[in-house]
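Readers should treat all values here as calculations from the given coordinates under stated rules, not as data from a laboratory. Owing to the predicted nature of the structure, the values given are computational and were not obtained by experimental measurement. Quick reminder, even Gly has a Cβ in these numbers, built from the backbone with ideal geometry, and neighbours come from all protein chains shown.
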Amino acid sequence: MPWSSMIFTAAWGRIPTGAALTSTGYRIMLVAGTYPENTFPLYWENRHGTYNFPIIVQSADGRGAATLA
């Protein structure tokens, strides 16, 4: 398993499951690079962000610097 996959999986695993977030949102920052499909979980279900408490995955190095492939 690539290190990027292990790091993302660990971060994703810290987000509570089974109910909508009610006290905080989560932001997972990706360093610049291309992330292949096998970097991420096979499913994204059971994590429920809301408008007030979203789950955001974004590039830490500016728009378009991290690419999901």
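The mean sequence distance of close C-alpha pairs (under 8 Å, at least 6 residues apart), as a share of the length of the chain, puts its relative contact order at 41 percent.
Put simply, the Cα atoms of the chain extend 32, 26, 16 Å along their principal axes, the longest span coming first.
Taking the C-alpha atoms only, the angle from helix 3-13 to the longest principal axis of the chain is near 0 degrees.
Can you compute the FRET efficiency between Thr50 and Met6 using 1/(1 + (r/R0)^6), with r the Cβ-Cβ distance and R0 = 35 Å? Round to the nearest 0.05.
About 0.80, to the nearest 0.05.
Under 19 Å from a point 7 Å along the Cα-to-Cβ line of Thr67: which residues of the stretch 6-42 have their amide N that close? Residues 30-40 fall inside that zone.
Modelled label positions at Thr24 and Ser59, each set 7 Å beyond Cα in the direction of Cβ, lie 2.7 nm from each other. Counted by Cβ distance under 15 Å from Ala32, the other residues give a net charge of 0, where Lys and Arg count +1 and Asp and Glu count -1.
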